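J.: One structure, as structure tokens, below. Some questions next.
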Amino acid sequence: MYKSWWKITGVILVIYTCTAGFLLEVPELPALGETIRNLYFHVCMWFAMMILFTISMVNSIRYLRTFNLKYDIYSRQFAVVGIIFGILGYATGSIWMSFTWADPNNPAFDSFSTVARDPKLIGAAIALLVYFAYLVLRDSVNDMDKRARISSVYNIFAYAMLFPSIWIIPRLLPSLHPGGENGNPALDTKDIDGSMRMVFYPAIIGWTLIGVWITTLKIRVNLLKEKKLSSL
Amino acid sequence: MKIKSFLLLFLFSFISISLLAQEDNGGMANLLRSNGRIYVVVAVVVLILSGLILYLVRLDRKITKLEKDN
């Protein structure tokens, strides 16, 4: 948390993403064109969100095993930053799809509102709402231990809810989003061009490290606050 | 004071850069105008990103200081 080498790695990887991501050649695909470069940004937001939510869930379990309030602060802050990355992923995705899915020649997908009925989007919205509810629940309980315990348990269920809502259901239904009925696009090494993988994997690591860095700052501030409260 | 005057000297030494670029129309100016000027976009994005990262570094330093004070 206090070492700096992984922060520097994150910064270098993200800057590499933002230069190589624009400059390297990408394969020409129908409908997508240059927008496939969004893979380095939009998709990485979701990856970072998933990793941050996983760390949050692990810390909730650690809290329930030890009842050390430190882990409760960890899990809450990782969840918040995960939500921020989720919102960014959702917002960037809505821009991307407006220019690739929305098709004036096809009345079923001629505007944002019809495109937004896609199961992947509804699933992602549900997942984010479940996590919003986590924040509401957590901040509405005043007793510190009760709050930590209730929200830790809820957090584990919220994490479990991610799997049907963003991984399973959108893959069972016909969807415009890649990875509908034909597997997992992001981790399928045959589905992604070699030159793009050269940027995509570093981008995932870079964005995740930046997210973790922001989270550790929030954790440290909250630990300081806690210390001040307990010394009063 | 010494640092300030050094900084000024340093900054003023770059005044002629734009003139140089106009003279031979080479190097940086050419690069930035090539490839449909995509490098301009890269420069803008990297600048924004480094601004945000500098902000993060500053926050990190401030929090470290607070932790040491406690």
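Just so it is clear, none of the values below were taken in a lab; they were calculated from the coordinates. Keep in mind it's a predicted model, so treat the numbers as computed, not measured. Cβ coordinates were reconstructed from backbone atoms using ideal geometry, including for glycine residues, and neighbour counts include every protein chain displayed.
J.: To test your reading of the geometry: what angle, between 0 and 90 degrees and rounded to tens, separates the Cα axis of helix A:119-139 from the longest principal axis of chain A?
T.: The two axes meet at around 10 degrees.
J.: Taking the Cα centre of chain A as origin and charging only Cβ (+1 Lys, Arg; -1 Asp, Glu), how large is the dipole, in debye to the nearest 20?
T.: Numbers: 21 positive and 15 negative charges, 306 e Å.
The dipole magnitude comes to about 1460 debye.
J.: For chain A, what's the relative contact order in percent, using C-alpha pairs closer than 8 Å and at least 6 residues apart? Can you show the working numbers first?
T.: Details: 251 pairs, mean separation 77.6, N = 232.
So the answer I get is 33 percent.
J.: Would you work out which of A:Phe53, A:Gly123, A:Trp101 lies farthest towards the positive end of the dipole of segment A:1-140, given +1 charges on the beta-carbon of Lys and Arg and -1 on that of Asp and Glu, about the Cα centre?
T.: Of the listed residues, the answer is A:Phe53.
J.: Considering only A:Pro202, A:Pro30, A:Pro178, give the residue with the highest GNM mean-square fluctuation for chain A, with springs between Cα atoms whenever their separation is below 10 Å.
T.: Per the Cα network of chain A with a 10 Å cutoff, A:Pro30 tops the list.
J.: Any chance you could check the Cα centroid distance between segment A:48-85 and segment A:108-167 for me, in angstrom?
T.: A separation of 14 Å, based on Cα centres.
J.: Cross-link list A:Lys120/A:Lys227; A:Lys120/A:Lys146; A:Lys7/B:Lys68; A:Lys3/A:Lys146: which exceed 31 angstrom alpha carbon to alpha carbon?
T.: On the way: A:Lys120/A:Lys227 42 Å; A:Lys120/A:Lys146 35 Å; A:Lys7/B:Lys68 20 Å; A:Lys3/A:Lys146 33 Å.
Distance filter (> 31 Å) returns A:Lys120/A:Lys227; A:Lys120/A:Lys146; A:Lys3/A:Lys146.
J.: Please give the helix A:144-162 orientation as an angle from the longest Cα principal axis of chain A, in degrees from 0 to 90, rounded to the nearest 10.
T.: 20 degrees
J.: Ok, one more. Using the Cα gyration tensor of segment A:124-165, with a ≥ b ≥ c the square roots of its eigenvalues, what is the shape: rounded (a/c below 1.5), prolate (a/b larger than b/c) or oblate (neither)?
T.: On the way: a/c = 5.67, a/b = 1.96, b/c = 2.89.
Here segment A:124-165 falls in the oblate category.
J.: Additional query: Considering chain A as a Gaussian network with a 10 Å cut-off on Cα pairs, which listed residue, A:Gly33, A:Gly21, A:Gly93, attains the greatest mean-square fluctuation?
T.: Greatest mean-square fluctuation among the candidates belongs to A:Gly33.
J.: A follow-up question, please. Most mobile of A:Asn222, A:Asn105, A:Asn59 per a Gaussian network model of chain A (Cα springs, under 10 Å)?
T.: Checking each option, the largest mean-square fluctuation is seen for A:Asn105.
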